[in-house]
Amino acid sequence: MGTRATVLNIMIDTVTMSEAVAKIEQYIAEKTPHLIATANAEMVMMAQEDQELAAILRQCALVVPDGAGVVWAARHQGYTMPERVTGYDLAQNLLAKAVAKGYRVFMFGGQPDIVEKAKNIALKQYPGLNVAGTRHGFFSAQDEPAIIESIQSAKPDILLVALGVPKQEKWLAKHLEKLNVPVCMGVGGTFDVMAGAVKRAPLWMQRINLEWLFRLICQPQRIIRMMALPRFAIKIMLGKKC
């Protein structure tokens, strides 16, 4: 633990799920703000052109390998990348850990009905979970001070933010010190999956790294975003280990 792989100039931690959870527990114990990112091929490609996102990823305390493409790329370059650590699964592991350790969780982002539904499902799935607060992801700059204040007063140990990439990472990086939450993590579409609004690929498809294909079948509009995947693979194959 502690080593990082470089994938197209983005540093990604070579951690297992249990190592990532242990690291996050350490951050909670430290009581100082830490930013966690879940990097897939799409995010890495975005960071090639978005210098602000690239800089944020360099500042993150932990960048987990969320995506088969990133795991493949790291291994292709000779790094030891033990497994994929998806943002969804990491969030579920943290919710389970929150029950065991009494951590307070704040859920921010998504549609108003979705975040409430995700919270209610989480409370059923993880009995004893302390959801310190929720807030949907529709807001203007004028709303931000009130949102920050509500998060501060809730005093969560873990803040899960579902505003989509790169908005969630940029929002968290901008307000990290002010929020003063030990663990701040962008979770993309996690609340949608938790609420049942978006289906996750069957386990057999996840295991053979075809989750991207399942998403494309369910959401054909993702085709434009998915075009980043072949470009990512080509860049990796033409490049060298940094």
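The values are calculated or read from the model by the stated rules, or taken from the named source; none is laboratory data. In this text the structure is predicted, and so the values were computed from the model without any measurement. Cβ: placed from backbone, ideal geometry, glycine included. Neighbour counts: every protein chain shown. Protein only, heavy atoms only, side chains kept; ligands, DNA and RNA dropped before computing areas. Shrake-Rupley method; radii C 1.70, N 1.55, O 1.52, S 1.80 Å.
Can you name the residue in segment 116-134 that is outside any helix (DSSP H, G or I) and open to solvent by 50 Å² or more (accessible area, probe 1.4 Å) and is also farthest from Ala29 (Cα to Cα) among such residues? Among them, the one singled out is Pro127.
From the residues in segment 140-177 that are among the acidic types (Asp, Glu) and assigned to a helix (DSSP H, G or I), which one is nearest to Gln48 (Cα to Cα)?
Checking each candidate, the answer is Glu169.
Is there a residue in segment 101-115 that is in contact with a Ser or Thr (Cβ under 6 Å, 6 or more places away or on another chain), more than 18 Å from Thr3 (Cα to Cα) and either open to solvent by less than 50 Å² (accessible area, probe 1.4 Å) or of a type in the set (Lys, Arg) (or both)? Yes. Inside segment 53-93, can you point out the residues that are part of a helix (DSSP H, G or I) and of a type in the set (Gly, Ala, Ser)? Selection gives Ala54, Ala55, Ala68, Gly69, Ala73, Ala74, Gly87, Ala91.
Go through the residues of segment 223-242 one by one and say whether even a single one is surrounded by 14 or more Cβ atoms within 10 Å (Cβ to Cβ), at pLDDT below 95, of a type in the set (Gly, Ala, Ser) and part of a helix (DSSP H, G or I). So far as segment 223-242 goes, yes, one or more of its residues are surrounded by 14 or more Cβ atoms within 10 Å (Cβ to Cβ), at pLDDT below 95, of a type in the set (Gly, Ala, Ser) and part of a helix (DSSP H, G or I).
If you check Gly137 against the conditions, is it open to solvent by less than 30 Å² (accessible area, probe 1.4 Å), over 21 Å from Ala22 (Cα atoms) and part of a loop (DSSP other than H, G, I, E, B)?
yes
Could you run through segment 24-33 and say how many residues are farther than 17 Å from Leu172 by Cβ and open to solvent by less than 50 Å² (accessible area, probe 1.4 Å)? Count: 1.
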